[in-house]
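Participant: Quick one: this structure, given as structure tokens, is what I'll be asking you about.
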Amino acid sequence: MMKSETCFGKTSGKPLTQYYDEEEAQGAADYSKEFYGDDLSPYHCSKCDLWHLSPKSRQTPSQKCNRCTGGYGVEKESYRSKLEARLRADIIYDEQGISLRVYKCKYGFGWHLTKSQF
């Protein structure tokens, strides 16, 4: 079990534990559930290309939208449902104080977040 040099917990600021594949991460999540009662889920990190664990309550699966970009030209994240996008917006507000609006992708690739109010 190694601690990351590049990825840190959003609330704790501590280095995240890194796992080399999904199976290893899922095993750690199962162990944590059995012995500590933690409800964790593995996720693949786009920053370090390894796996970390996150509380299931924070999980909002997304993928890059190949049609929409944000203000800096970066591909927008696309969420599967309005509810998942709203949950991510609420998490960002709670952690960073940034208020975001949810809207449907005009190309049909899920739901996005924006600061603008159109």
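Condition check ((1) touching a His at 6+ places or on another chain (Cβ under 7 Å); (2) at positive phi) across all residues:
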{"residue": "P15", "(1), (2)": "no, no"}
{"residue": "Y43", "(1), (2)": "yes, no"}
{"residue": "P55", "(1), (2)": "no, no"}
{"residue": "S62", "(1), (2)": "no, no"}
{"residue": "G73", "(1), (2)": "no, yes"}
{"residue": "I98", "(1), (2)": "no, no"}
{"residue": "G108", "(1), (2)": "no, yes"}
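Participant: Now for a separate question. If a residue counts only when it is of a type in the set (F, W, Y) and either assigned by TED's automatic domain parsing to the domain that holds Q18 or under 14 Å from the mean Cα position of the chain (by Cα) (or both), which strands (runs of 3 or more DSSP E) contained entirely in region 44-118 have at least 2 such residues? Please lay out each step first, then the result.
Facilitator: Values: elements: 51-55, 62-69, 75-79, 101-104, 111-114.
Passing ranges: none, list empty.
Results for (1) in contact (Cβ under 8 Å) with a residue 24 or more places away in the chain; (2) in contact with a Phe, Trp or Tyr (Cβ under 8 Å, 6 or more places away or on another chain), shown as yes or no for each residue.
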{"position": "P15", "(1), (2)": "no, yes"}
{"position": "Y19", "(1), (2)": "yes, yes"}
{"position": "A28", "(1), (2)": "yes, yes"}
{"position": "S32", "(1), (2)": "no, no"}
{"position": "D90", "(1), (2)": "no, no"}
{"position": "I98", "(1), (2)": "no, no"}
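The values are calculated or read from the model by the stated rules, or taken from the named source; none is laboratory data. Worth saying up front: this structure is predicted, and the values here are computed from it rather than measured. No Cβ is skipped: glycine too gets one built from the backbone with ideal geometry, and neighbour counts run over all protein chains shown.
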